[in-house]
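The values are calculated or read from the model by the stated rules, or taken from the named source; none is laboratory data. In this text, all values refer to a predicted model and were calculated from it rather than measured experimentally. With ideal geometry, Cβ positions are generated from the backbone for all residues, glycine too; neighbour counts draw on all protein chains shown. SASA here: full protein model, heavy atoms, side chains in, ligands and nucleic acids out. Shrake-Rupley method; radii C 1.70, N 1.55, O 1.52, S 1.80 Å.
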Amino acid sequence: MTNEQIAQNVAAVQEAVAEAARQAGRDPAEVTLVAATKVQTSETIRQAIAAGITVCGENRVQEFNAHWTDGAYEGAQVHFIGHLQKNKVKYLVGRVSLIESVDSEELLRAIDQRAQRLGVVQDVLIEVNIGGEASKSGVAPSEAHALVALAADLPGVNPRGLMAIPPVAEIPRGNEQYFAEMQQLFVDIGGKMYDNKVSIDCLSMGMSGDFAEAIAHGATQVRIGTALFGARPPMRANG
Ligand SMILES: *Cc1c(COP(=O)(O)O)cnc(C)c1O
């Protein structure tokens, strides 16, 4: 994809996200566009940032490390959005501004320990498996509050909210119900955490095919790849 195409796509997606927010009666400034940069080159990432992308979302630690070493993220923040193994936490803590995909107590504790060792506090989201799919990471909705509360108690991590990847929709707007459930869970947990000196202010959901519905249901961050960078080659499961 050429430089010009990337710039056009960034502008078009930014406008579509803003329009979805306005349609939902929300301020466009409440919704952050996270560019899902998996399989993209450092050069493409630089071009996207030059075109106005302010947050990159990375799925794989190996790709993150390569781009980080290249200095490709200069001018933007990075969120980690993929499945994360405990032994790879050390590459991310203190480098990414948000780890969106915390899906177990063990992982949360590993992030906390690393952060304490570095003397930093790592912002995290708890990933919820809202469709209850065996193939997906994330905690059950009923477990999310406990993990947010634990994160609030640990000194090295700061819980900011929830992330979800609903099932692939079979029909247009097929994920509306999952987005509505996530919004309810987010509001409930935010209410329960009200006294805990944390601000539960991030709800990360919505991708290229369904970000407007996610925004209508309160998403504060949408993670978009295909609409910015074109279709990806078929994927390996996890890396
Ligand atoms: C790839 C990916 C996205 C973006 O998906 P698109 O459909 O290409 O917009 C969002 N979130 C996560 C976790 C991803 O892995």
Looking only at the range 100-136, filter to residues that are among the hydroxyl-bearing types (Ser, Thr, Tyr) and within 14 Å of the ligand (Cβ to nearest atom); which one of those is most open to solvent (accessible area, probe 1.4 Å)?
135
All but one of (1) away from the ligand (no atom under 15 Å from the Cβ); (2) surrounded by 13 or more Cβ atoms within 10 Å (Cβ to Cβ) hold for residue 215; which doesn't?
(1)
What single numbered condition from (1) of a type outside the set (Ser, Thr, Tyr); (2) within 16 Å of the ligand (Cβ to nearest atom); (3) under 27 Å from residue 114 (Cβ atoms); (4) assigned to a helix (DSSP H, G or I) fails to hold for residue 163?
(4)
Kindly check whether there is at least one residue in the range 155-172 that is surrounded by fewer than 24 Cβ atoms within 10 Å (Cβ to Cβ), in contact with a helix residue (DSSP H, G or I) (Cβ under 9 Å, 6 or more places away or on another chain), without any contact (Cβ under 8 Å) to a residue 40 or more places away in the chain and closer than 25 Å to residue 196 by Cα.
no
Where residues in the range 191-212 are away from the ligand (no atom under 16 Å from the Cβ) and free of Cβ contacts under 8 Å to residues at least 24 places away in the same chain, which of them is surrounded by the fewest Cβ atoms within 10 Å (Cβ to Cβ)?
195
Where residues in the range 168-224 are among the β-branched types (Val, Ile, Thr) and assigned to a loop (DSSP other than H, G, I, E, B), which of them is farthest from residue 148 (Cα to Cα)?
171
Selected residue (criterion: farthest from the ligand (Cβ to nearest atom)) from residues of the range 10-62 that are farther than 17 Å from residue 96 by Cα and in contact with a Lys or Arg (Cβ under 7 Å, 6 or more places away or on another chain)
28
Can you tell me how many residues in the range 76-99 are open to solvent by 70 Å² or more (accessible area, probe 1.4 Å) and assigned to a loop (DSSP other than H, G, I, E, B)?
3
So residue 148, is it open to solvent by less than 50 Å² (accessible area, probe 1.4 Å) and either hydrophobic (A, V, I, L, M, F, W, C) or modelled with pLDDT under 95 (or both):
yes
Here are some residues: 96, 120, 139. Which one is touching a residue at least 12 places away in the same chain (Cβ under 8 Å) and under 19 Å from residue 34 (Cα atoms)?
96
Looking at residue 139, is it hydrophobic (A, V, I, L, M, F, W, C), open to solvent by less than 30 Å² (accessible area, probe 1.4 Å) and more than 17 Å from residue 59 (Cα to Cα)?
yes
Within the range 218-239, can you find the residues that are more than 9 Å from the ligand (Cβ to nearest atom), crowded, with 19+ Cβ neighbours inside 10 Å and among the aliphatic types (A, V, I, L, M)?
219
